[in-house]
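Remarks on the structure that follows.
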Amino acid sequence: MIVTRATLADVPRLVQFRRDAAAWLVNLGTDQWSAPFPEEHIAASVRAGEVFLVKAGEGSEAAATVTLDRAIDPELLDLWTPEERAEPALYVHKLAVDRQYAGRDLGGQILDWAGDRAAREGARWLRLDAWTTNTGLHRYYLRHGFQHVRTTTKPTEVSGWLAQRPARITEPIFDDRTAPAVADRKGAQSLM
C-alpha cells in the first residue's frame, strides 16, 4: 500500500468516501456522517496538506483516506481540558475505508501509520473524537489501543466521544510518499 497526500483533484473522491461511509453506517443503525460535509472544508484541508490517501498500488484508486492535523475541531475545543490542549498531539479526522477493502484492518494500519507520524513530528498523543452514539466505533478504537478520555454530556454535541493513545514510532507499514511535517520550536509546521 502507498500513502500520498490528497490533491484538489481528489476532492470528488473524498466526498464519495464520506457518502459511501454514511450509507454503510445507516445500515448499522447510526446517522453518523448523514449530513453532507461542505466540499470547501475538505478542499481547505487538502490545501493545508492534511488529507492522505492510501492506495493499493501506483495509479490505483484510493482504498482509504484520513485527515491528520494538529487542530482540535473548533466545535470540540472546550471538550479537551486546557492541560490536554497544551500537550503536543495529532488528531485523526474523517478516516474512511472503501468497502471493497473491509475486513483487512486497513483502518487499524492507518491508525498505526498516523501514530508513527505523530511520534516523528514530536507529538505525545494521537487523538480523535467519534460520534457519541456510535458504540461500535468506540469499541473499534478501544481495540486499536485508544483509551476513552471522556464523553460530552452536551445534547447538541454529536461527535463528543474523545479518545487518545500514545504516539509511537513503528516499523514502516506503507510506502509513505509524503514528506512528514516537522514542528519548529514555536509549534508551527513546515513540510520537509
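5 Å is the cut-off here: which amide hydrogens, built 1.01 Å from N in the peptide plane, fall below it relative to Val149, excluding neighbours closer than 5 in sequence?
Leu162, Ala163, Gln164
For segment 2-176, what is the Kirkwood estimate of the hydrodynamic radius, computed as the reciprocal of the mean inverse distance between distinct Cα atoms, to one decimal in Å?
16.5 Å
To make sure I understand, if each residue's beta carbon is the centre and we count other beta carbons within 10 Å, what order do Phe146, Phe52 fall in, fewest to most?
Final ranking by Cβ density, sparse to dense: Phe146, Phe52.
If we sort 115-123, 130-138, 56-64 on the protection proxy, mean other Cβ atoms within 10 Å, highest first, what's the order?
115-123, 130-138, 56-64
Determine the sum of side-chain charges near Ala119: Lys and Arg each +1, Asp and Glu each -1, restricted to other residues whose C-beta is under 14 angstrom from that of Ala119.
For residues surrounding Ala119, the net value is +1.
The numbers here are math on the coordinates, done by the rules we state, and not lab data. The structure presented is a predicted model; accordingly, all values stated were derived computationally and were not measured. Reconstructed Cβ throughout: ideal geometry from the backbone, glycine too, with neighbour counts over all protein chains shown.
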